[in-house]
Amino acid sequence: MAATEEMCSTLCASLMSLGKVVMGDKGEEIIVTYATICSGSDIINLSLQNLSTAIQERIGVKVVFQHVWACEWMEPKRKWIMENYSVPVVFGDICELMSDDGSLDYRSGKFKKPKPADIIIAGTSCKDASRMSSKQEASRDCVSKGSGSTGSTFVGLRDTVEVLKPSFVFLENVAGLLDKIKVKKGQRKPRYASNFTAIVENFRLMGYSFCHKIFNASDCMVAQRRERLYMCARLAKYDDDAPA
């Protein structure tokens, strides 16, 4: 869907409250910082560039999305990010981001601590929550337990968010997170009804509100039916209903 002038104006106003307004060579610019975690090829960079162009063309305001760091576990994808984008710091292990001694930056070969960002965009592991996985039935409370790759990477994300307190966190994962945990006779009832419920509660306790929506790849003109769960956590100060 093409960006309308009204959409761009509304988004621009939101970005002004989110980021920092500075004087550039051609007037005021809005700087919005973001970090990416487990986002594969970091294609979000191109999407944000297109969004920036659309806003400038429609209403003449320059928005600069500044990628401050990335974190990608898989070496081929990490190399792709380093070779194709100018992000200055590239970490590897989400579970080590908040280590006391910092996490390895593959650009410099030094251990560094991630800097705060206005937005964190993450796609943590879906391996244990996927409906295609033979482990899903046994892993439907992996988020609350911090177990498996899905649970442990979420814990890494949660710890990062708790320390850095970004204004917004955008998450992408499989729709299987929504599936309720089945309890057999004689088993203890789990703390949360689903992995998704555990995620929402973790963010609530950190001061975030939460919304979500399922999208299908076919909705975006891709020749396959592939459901993905998109989630947004935002600090309470950005909620319309938040108390003053």
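Lysine pairs, Cα distance under 26 Å, 8 or more residues apart or cross-chain: how many in segment 140-244? Qualifying lysine pairs in segment 140-244: 13.
Working note: Karplus 6.51/-1.76/1.60 with θ = phi - 60° gives segment 108-125 the couplings 9, x, 10, 8, 9, 9, x, 7, x, 9, 5, 9, 10, 10, 9, x, 5, 4 Hz, where Gly and Pro are set to x. Considering only beta bridges that DSSP places wholly inside segment 27-164, some 20 percent are antiparallel. Ordered by the count of other Cβ atoms within 10 Å of each Cβ, fewest first, Tyr106, Tyr208, Tyr230 give Tyr230, Tyr106, Tyr208. Estimated from helical segments only, the mean residue ellipticity of the chain at 222 nm is -9000 deg cm²/dmol, where each DSSP H run of four or more residues counts as -39500 (n - 2.57). Close amide H pairs (under 5 Å, H built 1.01 Å from N) link Asp105 with Lys110, Phe111, Lys112, residues at least 5 positions away or on another chain. Each of Ile43, Ile199 was scored by other Cβ atoms within 10 Å of its Cβ. Listed from fewest to most, they are Ile43, Ile199. Globularity index of the chain is 1.07 (Cα radius of gyration / 2.2 N^0.38 Å, N = number of residues).
Cβ crowding within 10 Å, taken as a proxy for footprinting-reagent exposure, orders Leu11, Leu97 from fewest neighbours to most as Leu11, Leu97. Once you reduce segment 160-197 and segment 77-95 to the center of their Cα atoms, the two points are 27 Å from each other. Need one word for segment 123-244: rounded, prolate or oblate. Basis is the Cα gyration tensor (sqrt eigenvalues a ≥ b ≥ c); a/c below 1.5 gives rounded, then a/b vs b/c decides. Oblate.
Read the figures in this text as sums done on the coordinates, not as results from a lab. The structure presented is a predicted model; accordingly, all values stated were derived computationally and were not measured. We place every Cβ from the backbone using ideal geometry, glycine too, and count neighbours over all the protein chains shown.
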